[in-house]
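Trainee: Below you'll find the structure I mean.
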Amino acid sequence: MPDTAIAELDVPGFGMSQAVALFGEDLHKVGAYNFKVGDLVGTLCRLYGFGWEEAERWGEAASLHDLGKLWIPRDVLLKRGSLDEDEWRIMRGHAVFGYARLRHFCRLAAEMALSHHENFDGTGYPHALAGEEVPLSGRMVRLCDVYDALRAARSYKMAITHEEAVEIILQGDERIRPEMFDPELLCLFALHHREFEAAFDR
Ligand SMILES: [Fe+2]
């Protein structure tokens, strides 16, 4: 889990412009910066009861959850078609790579980078944490990242509609199970899914 002695070195207001200055414009090219996931997490934070300022801070940090993709070889990261087992092992490293860089600047963004592929039912990575062992920030990014990935067109898949994405998240499909998500956050998503649609379409 995060090395808090180092991770508490927070730079006030750390966000995209500082990340671009530190890590370069490639952030945008490889999907290492995702403002839509940031907006979705900001929306979820407000629904959860956060004030506007705190929700905005969490949203900004969430935009950087995939920063570690910068250190994944491009032939794996941008490969068309499915990855083999070795390539998946390399790809899964992005959670730890992002954490290792961000922890020197923003404790919250580092926590999100490390935990955004953990699942509530313990089937995620890198640490197979379960339930509230997964930080709230990681549980929020997990749900919003899956919604964004379903809605977005990628080199290997078509975009789907909001209604189809809601159906998959709440009912599951061959890859996604509702048990992967924090049930309280899933309930907020089910009740307020139109706000997620509006955030994605902004
Ligand atoms: Fe990721």
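Trainee: Please verify whether the stretch 107-125 includes one or more residues that are more than 15 Å from the ligand (Cβ to nearest atom), farther than 24 Å from R46 by Cβ and open to solvent by less than 30 Å² (accessible area, probe 1.4 Å).
Mentor: Checking the stretch 107-125: at least one residue is more than 15 Å from the ligand (Cβ to nearest atom), farther than 24 Å from R46 by Cβ and open to solvent by less than 30 Å² (accessible area, probe 1.4 Å).
Trainee: Taking the criterion of being away from the ligand (no atom under 11 Å from the Cβ), touching a residue at least 24 places away in the same chain (Cβ under 8 Å) and open to solvent by 30 Å² or more (accessible area, probe 1.4 Å), would at least one residue in the stretch 141-149 satisfy it?
Mentor: No, the conditions are met nowhere in the stretch 141-149.
Trainee: So, A153, is that one over 22 Å from G15 (Cβ atoms) and modelled with pLDDT under 95 or not?
Mentor: yes
Trainee: Now for a separate question. Name the residue that is surrounded by the fewest Cβ atoms within 10 Å (Cβ to Cβ), counting only residues in the stretch 70-89 that are within 15 Å of Y125 (Cβ to Cβ) and within 13 Å of the ligand (Cβ to nearest atom).
Mentor: W88
Trainee: Could you tell me how many of the residues in the stretch 126-140 are open to solvent by 20 Å² or more (accessible area, probe 1.4 Å) and part of a helix (DSSP H, G or I)?
Mentor: 4
Trainee: So, in the stretch 10-47, exactly how many residues are among the hydroxyl-bearing types (S, T, Y) and either free of Cβ contacts under 8 Å to residues at least 40 places away in the same chain or assigned to a loop (DSSP other than H, G, I, E, B) (or both)?
Mentor: Going through the stretch 10-47 one residue at a time, the tally reaches 2.
Trainee: Take H28 and decide whether it is within 27 Å of H162 (Cβ to Cβ), open to solvent by less than 30 Å² (accessible area, probe 1.4 Å) and not aliphatic (A, V, I, L, M).
Mentor: no
Trainee: Determine whether the stretch 49-61 contains at least one residue that is open to solvent by 40 Å² or more (accessible area, probe 1.4 Å), within 16 Å of the ligand (Cβ to nearest atom), at pLDDT 90 or above and under 19 Å from the mean Cα position of the chain (by Cα).
Mentor: no
Trainee: Let me ask something else. Might you check whether a residue that is free of Cβ contacts under 8 Å to residues at least 60 places away in the same chain and either more than 13 Å from the chain's Cα centre (by Cα) or not in a helix (DSSP H, G or I) (or both) occurs anywhere in the stretch 102-114?
Mentor: yes
The values are calculated or read from the model by the stated rules, or taken from the named source; none is laboratory data. Keep in mind the model is a prediction, meaning the values are calculated, not measured. Positions of Cβ are generated from backbone atoms using ideal geometry, with glycine treated the same way; all protein chains shown enter the neighbour counts. For accessibility, only protein heavy atoms count, side chains too; no ligands or nucleic acids. Shrake-Rupley method; radii C 1.70, N 1.55, O 1.52, S 1.80 Å.
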